[in-house]
C-alpha cells in the first residue's frame, strides 16, 4: 500500500445549556425520581420529506416496526414534549447565549434564523424529528497545530433519554431530557491527530463553560468524531464522553479502515453477491448437542445461512482490538434485532456445533475450501432480514460511510448508515427570526467575557497552576461567588479543587455545594473557625449536620483575642507546641503577631 | 365544561386550586395561589365593557365583523388553534373575514384571539390562517386563556389603557393566572 494514510478528522460537540427548554417554557432539569407521573405509547412512521424523498436511516429504523414508550414527569415536561402542542417560540436566553458564543468564535452569524426539522424515527423524539437551527458559519479556533475551522454552530433540542430496549423490541424513553437546548459545534476536517482532536474538544469545552451557562454533569457534553483516511470513508463515531479516550478512538478507527482496505485488496478478485441464496439448515441440527440451537428450534426458530464465496479466513481478520471482520458483519445482523451471527472463521465448538454438522452445512451451502459461511438462529422472517443485511455489507467493495457507536474501550460498533440529505426540512410552526444589531448586542452580554478574559482574571487571582485548574473546573462559578464574598482566592480555590475533590474520592458527596460553600465561608469570614478546620467540618456538613453543631461537638471554634493570649502565655510562647495542640483552632499568623506584642 | 356533570366546574387549562376532604375538614392546595394577607389588596374597578365576544363558525359573514366598529375591543373565539375563515387559497363560495378584521385592527380596535376548544393554547404560527390573522394585527398567539378570561381581561386592560400598542403588550402580560407559560400535563389528564 506504500505511503502512510493521511488522517482527515473533524469533531462535533453537543453541549447542554443551562437555560430553559428550547421550544417550551419548562425548566431544563431532569426528574429526580424514576417513577413517572404518566406513561404514553406511540408508534412512529417515517414519511416522505417535503422533497419527496424518504431518508435511508429513517427507512431502516421504520423497518423495525416498534412501539415507543415514554415516561413523563410533570415538573419537567409539558404538552410540547408529548407532541400534544405545537412548539412555543424559541427560548430567548438560549438563543442569545449561542449567538454570543458564536461571536467569541469569530463566526459569521446568519441574517435569519430558520428552525429546521431533522428526521429521527428511533423514537428519541415524540414528534419524529429534532428541531435544529443553524446560527453561524465560518469561524475558527487557535490551536497548537494552527487554526481549526468551526464550520457551523447550531442550536438544537436534546433528545429523550433511553431507559431500555425491552425484549419485544419496544424502546422506553424518559421525556424530561427532551427539549433541553444544545449548542452544536462542528469543526472543519482540520484536525491532524488524535491528540490534536482531544485538544480541540477540550478548548471548545472550556469556551462553552466560560459562558457560565453550560450544563455540568454526566452526559451534558457529547463529542462525535468524524474520521476518514484516503480510500476510506467518513465514519461518524457517536457518544464520545471521555476526552482522554479520543486519541485511542482515532487510532483504532484509522487502523480499522486500514485493515478494511487490506481486506478489500484480498477480495479484489472475488465477485460481490448482493442477493445470495439463503438456505434453511435447521434439519442438520435435529439431533444437535448445541443446547442453544436446540432451544431455539423448539421455540420455532430456524437455523439459516448463506455462503460467502472466497471469504475463508477473512471473517477472522482482526480489524479492531479484539474484534474481527465477522464482528463487523454481526453488527449489521444486530440492526435486525439479532444478538449476532455464527461464521466459519470461528471456533464453532464453543456453540456446541460438531465437525459433522459443519461438514453438512458446507455441503448444503455448496461451500468450497476458499469459501466462508454465515448462519443465524432466529424466526424465519427475522433471520432472512438479518442475513440480507449481512450480505449487503459483505458485497460492498469499498469502505462504507457509517454512523458508529463508541464502546468503553475505544472500539466502535456499527449503528446505521450516515444520514442522507433528505433528513432535514423546514419547521413550519416557528417563524424565521431576523438577527438584528440589538439582538447581537444582547447576545454578547449573555455569553459573558469569554475564555481569554476569564483566564486573565484567574491568573491575577491565583498561582499559574491553580488558575489553569480553575479555568477547567466545574466549580468556577462557585469560586467567583466566594471571591466576591471576600474569601481569599487561593483558599476558595484549594477548598473547591483539593478538599472537595479529596472528600469526593473518599465517598463524601456534598449535596448542594454552592449553598454549603456560601454558608461555610460566611461563617469563616465572621471569624468563627480557622482555615485548617475546614477539612474537618466538611464531612459532617455532608451528613446534614448544621455548622453550629459541628463547631460545638468537635470543639472547632476559633481561639482568638484574650483566650489566645492566655494560651500563648500558658505555653511559654512556644509556637511549635501551640500549633501542634491547637492547629485546628488557631490561626498561625495571628499567633505570631500576638507573640510579638507580648 | 359540561352542562350538568360533576365536572361542570372543572378548572380549565390549570389544575384545581385545592382538594377538599370534608370528612377530615382538610383543604389540600394543589396549585399556586396567593395566601390571604400576602399582598396588598386594592380595589380597581376601571373596566371598559364595550367589548364584543364573537364565536367563529362556517358561514360567519364579513358584515357581522364589519358591524363591530362601535366596540372598543373584540375577542374572537376561533376554531382549533385560533382560526376564522381567511380563505388563503381563494376557494369559491368561501367568505373570508380577514379584510374586515384587518380594518378593525387598523382603526385601533384591539382584536384578540382565543379558542372555542375547551382546553389548549392559541397558536397563530402553525397554519396559514393563523399567520394571516397575525399579519392583520390579531393578538393572542401563545395564550392559553379561555374566551371568557380573554374577554374579562380585555375589558380591564381597556379600562386602563387606550394606546393600541400598549393594549396589545398588556394583554400578553400575565396578571392573575389567565395566561400560563406551560401547558402542564396534569391539566388534561
Residue A:99, sole failed condition from (1) outside any strand (DSSP E or B); (2) surrounded by fewer than 23 Cβ atoms within 10 Å (Cβ to Cβ); (3) more than 14 Å from chain B (Cβ to nearest Cβ): (2)
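Output the residue which, of all residues in the range B:167-189 that are touching a helix residue (DSSP H, G or I) at 6+ places or on another chain (Cβ under 8 Å) and without any contact (Cβ under 8 Å) to a residue 24 or more places away in the chain, is farthest from the other protein chains (Cβ to nearest Cβ). Don't jump to the end; show me each part of the working.
So in the range B:167-189, the residues touching a helix residue (DSSP H, G or I) at 6+ places or on another chain (Cβ under 8 Å) come out as B:167, B:170-171, B:175, B:178-179.
Pick out the ones that are also without any contact (Cβ under 8 Å) to a residue 24 or more places away in the chain and you get B:170, B:175.
Numbers: B:170: 19, B:175: 17 Å.
Once the filter is applied, the top-ranked residue is B:170.
So which strands (runs of 3 or more DSSP E) are wholly in the range A:362-475 and hold at least 1 residues that are within 14 Å of chain B (Cβ to nearest Cβ)? Write out each step before concluding.
Numbers: elements: A:372-378, A:402-406, A:412-417, A:424-426.
Counting at least 1 such residues, we get A:424-426.
More than 9 Å from every other protein chain (Cβ to nearest Cβ), more than 23 Å from the chain's Cα centre (by Cα) and closer than 18 Å to residue A:13 by Cα: does that describe residue A:104? Before the answer, list the steps.
Numbers: more than 9 Å from every other protein chain (Cβ to nearest Cβ): yes; more than 23 Å from the chain's Cα centre (by Cα): yes; closer than 18 Å to residue A:13 by Cα: yes.
Answer is yes for this residue.
For the range B:135-150: of the residues being assigned to a helix (DSSP H, G or I) and under 23 Å from residue B:7 (Cβ atoms), which is farthest from the other protein chains (Cβ to nearest Cβ)?
From the range B:135-150, those assigned to a helix (DSSP H, G or I) are B:135, B:147-150; that's our starting set.
Then keep just the ones that are under 23 Å from residue B:7 (Cβ atoms); that gives B:147-150.
Numbers: B:147: 19, B:148: 21, B:149: 18, B:150: 18 Å.
Here the residue is B:148.
Within the range B:98-122, track down each residue that is in a loop (DSSP other than H, G, I, E, B) and in contact with a strand residue (DSSP E or B) (Cβ under 9 Å, 6 or more places away or on another chain).
Taking the range B:98-122 as the starting set, the residues that turn out to be in a loop (DSSP other than H, G, I, E, B) are B:107-110, B:116-122.
Within the range B:98-122, B:109, B:110, B:116, B:117, B:121, B:122 meet the criteria.
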Residue in the range A:280-301 that is in a loop (DSSP other than H, G, I, E, B), surrounded by fewer than 18 Cβ atoms within 10 Å (Cβ to Cβ) and touching a strand residue (DSSP E or B) at 6+ places or on another chain (Cβ under 7 Å) present: no
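Matching residues to (1) in contact with a helix residue (DSSP H, G or I) (Cβ under 6 Å, 6 or more places away or on another chain); (2) within 13 Å of chain A (Cβ to nearest Cβ); (3) in a loop (DSSP other than H, G, I, E, B):
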site	(1), (2), (3)
B:64	no, no, no
B:69	no, no, yes
B:86	yes, no, yes
B:124	yes, yes, yes
B:133	no, no, no
Pairs where the first residue, in the range A:19-34, is within 11 Å of chain B (Cβ to nearest Cβ) and modelled with pLDDT of 95 or more and the second is surrounded by fewer than 16 Cβ atoms within 10 Å (Cβ to Cβ) and in a loop (DSSP other than H, G, I, E, B), C-beta under 6 Å, 6+ apart: A:25/B:181
Any pair with Cβ under 9 angstrom, 6 or more apart, that starts in the range B:57-84 at a residue that is at positive phi and ends at one that is surrounded by fewer than 17 Cβ atoms within 10 Å (Cβ to Cβ): B:59/B:95; B:80/B:116; B:80/B:117
Number of positions in the range B:138-168 that are in contact with a strand residue (DSSP E or B) (Cβ under 9 Å, 6 or more places away or on another chain) and surrounded by fewer than 18 Cβ atoms within 10 Å (Cβ to Cβ): 1
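Among the residues of the range B:106-122, how many are within 16 Å of the chain's Cα centre (by Cα) and away from chain A (no Cβ under 14 Å)? Outline the logic, then answer.
Of all residues in the range B:106-122, those within 16 Å of the chain's Cα centre (by Cα) come to B:109-122.
Filter once more, keeping what is away from chain A (no Cβ under 14 Å): B:109-114, B:116, B:118.
Count: 8.
The values are calculated or read from the model by the stated rules, or taken from the named source; none is laboratory data. Just so it is clear, the structure is predicted and the values come from calculations on it, not from any experiment. Reconstructed Cβ throughout: ideal geometry from the backbone, glycine too, with neighbour counts over all protein chains shown.
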